[in-house]
1. Picking from Glu159, Glu172, which residue would you name as being surrounded by fewer than 17 Cβ atoms within 10 Å (Cβ to Cβ), in the same structural domain as Leu289 (by TED's automatic domain parsing) and not polar (S, T, N, Q)?
2. How many residues does the range 139-191 hold that are hydrophobic (A, V, I, L, M, F, W, C) and farther than 25 Å from Asp99 by Cβ?
3. Within the range 245-268, which residues are surrounded by fewer than 14 Cβ atoms within 10 Å (Cβ to Cβ) and in contact with a Lys or Arg (Cβ under 7 Å, 6 or more places away or on another chain)?
4. Would you pick out the residues in the range 239-294 that are among the acidic types (Asp, Glu) and at pLDDT 90 or above?
5. Is it the case, given these coordinates, that Tyr180 is within 30 Å of Gly87 (Cα to Cα) and either surrounded by fewer than 17 Cβ atoms within 10 Å (Cβ to Cβ) or among the aromatic types (Phe, Trp, Tyr) (or both)?
6. Could you tell me which numbered condition Met1 fails, if it satisfies all but one of (1) at pLDDT below 85; (2) surrounded by 12 or more Cβ atoms within 10 Å (Cβ to Cβ); (3) of a type in the set (A, V, I, L, M, F, W, C)?
7. Can you give me the number of residues within the range 152-182 that are over 16 Å from Ile250 (Cα atoms) and touching a helix residue (DSSP H, G or I) at 6+ places or on another chain (Cβ under 7 Å)?
8. If the requirement is being of a type outside the set (Lys, Arg), over 21 Å from the mean Cα position of the chain (by Cα) and closer than 20 Å to Asp247 by Cβ, which of these qualifies: Pro226, Pro131, Pro187?
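The values are calculated or read from the model by the stated rules, or taken from the named source; none is laboratory data. Note that this is a predicted model, so its numbers are computed, not measured. Cβ coordinates were reconstructed from backbone atoms using ideal geometry, including for glycine residues, and neighbour counts include every protein chain displayed.
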Amino acid sequence: MRNLHLTRNMVLVREGGTIQAIYREGDGLVKRTLPVEQVRAVYAEASVTLKAGAAKLLMKRGIPVHFLGRDGSYLGTLWPREHLLAGEVLVRQAEHYIDPAKRLALASRFVRGATANILRNLRHYRASGIPLDGAISTIEGMHSRIDSAKSVPELMALEGNIRETYYLAWNELMPDEFRYTGRTRRPPRTMLDAMMSFGNSLTYAACLTELYHTQLNPTISYLHEPSERRFSLALDLSEVFKPVLVDRVIFKLVRQERFDESNFDADLDRVVLNDAGKRRFLEAYEERLSMTVEARGTGRRVSHRGLIRLEAYKLLKHLLGMKEYEPVEVGYRMYAVLVYDVADQTRMNRLRTLLRVHMNWVQNSVFEGELSEGELKSIVMGIEGIIDHEVDSVIIYIMRSKDAVERKILGMTKGNTDFII
């Protein structure tokens, strides 16, 4: 199952058991069948007209339709009839909202999880030599005060200060044209704001989609007020996942120079992603959602989309008194670089075969030849692009013995899949 993003102006109509998308291309009209049997959720990011027959088919199949504005803001969701809601869960959700202590305990966990993932992002870039000690120290201090908050408004204020410190720290790792100068919304006024608004809306909708497949009622929340947005529980969950999904996608696109002014449209009072910019962002975002990580405590790897569902189930268990909710912290993996001099091509092929056999699910990089200190530094600086921001720290082995290289590869890969070589 996958998400379906509609980035063109179109009309959706039903034909039998399928849905046809009709849109203009050049001087003519194009008619395309949508694979509804493979669709998890629909995201309408352009002007989409949904005919009654198409809407009924989507609702019958339990497929929500999320509508986003041109500026990337979330507008609303066409929500299928809830099919999993349970009376006991609804009562427990309401109980945890009405009881101030229970509500504050849950709200603080959402903020704690978001802050932990924020700190992981900053520590990753600090490991690359970017001066982020001040921001990390400040956020760590605020992180330690989360459980001391006496009310949800106090907690929200603390969370706002954490994010402001975090976003200001982005200026150490982003080019000048993507500097953070303060958050602006509805409409966004900078290129960075436009990316953040679009990504945050996608993450909110992704959380809402996963909540639909649980017994949780998405209208009852704990960190955010239920009146803030109709499905406010999705806002609570999205706080934990925005650093993991939105921020890392932005870092990847901007720092790898895959995004620039050509991906935006600007007028007098707002900056928005243009069609090309939206498509590029969506490609990176969907890739991120599908990327697998090890889910702690389960012994298996799941996609980031699956992590959202697991997070909802963890919350459900907390509400039912089965297990205390602890927010997910998505960690980076270790990355090891082997630097060596191998002149013999046959032996080099043997080493590459070893890498493929033992590490077939991860990307690998082998650097050949005798490298100068400057070249080693360039390798370290380029690692984050090679491994797509999935490292916390880097180990560099400089070896002259070919046998030692083979032993090191086997030692790190045998029974230890947390290493990327």
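1. Working: Glu159 fails: surrounded by fewer than 17 Cβ atoms within 10 Å (Cβ to Cβ).
Of the residues listed, the single one that is surrounded by fewer than 17 Cβ atoms within 10 Å (Cβ to Cβ), in the same structural domain as Leu289 (by TED's automatic domain parsing) and not polar (S, T, N, Q) is Glu172.
2. Taking the range 139-191 and keeping what is hydrophobic (A, V, I, L, M, F, W, C), we get 139, 142, 146, 149, 152, 155-158, 162, 168-170, 173-174, 178, 191.
Still in the list and also farther than 25 Å from Asp99 by Cβ: 139, 142, 162, 168-170, 173-174, 178, 191.
The number of residues fulfilling the criteria is 10.
3. The answer is Arg258, and nothing else.
4. Step one: list which residues in the range 239-294 are among the acidic types (Asp, Glu), which gives 239, 247, 257, 260-261, 265, 267, 269, 275, 283, 286-287, 294.
Glu239, Asp247, listed by residue number.
5. On the way: within 30 Å of Gly87 (Cα to Cα): no; either surrounded by fewer than 17 Cβ atoms within 10 Å (Cβ to Cβ) or among the aromatic types (Phe, Trp, Tyr) (or both): yes.
Criteria not met by Tyr180.
6. Answer for Met1: the failing condition is (2).
7. Number satisfying all stated conditions: 7.
8. On the way: Pro226 fails: closer than 20 Å to Asp247 by Cβ; Pro187 fails: closer than 20 Å to Asp247 by Cβ.
Pro131 is the lone residue from the list that is of a type outside the set (Lys, Arg), over 21 Å from the mean Cα position of the chain (by Cα) and closer than 20 Å to Asp247 by Cβ.
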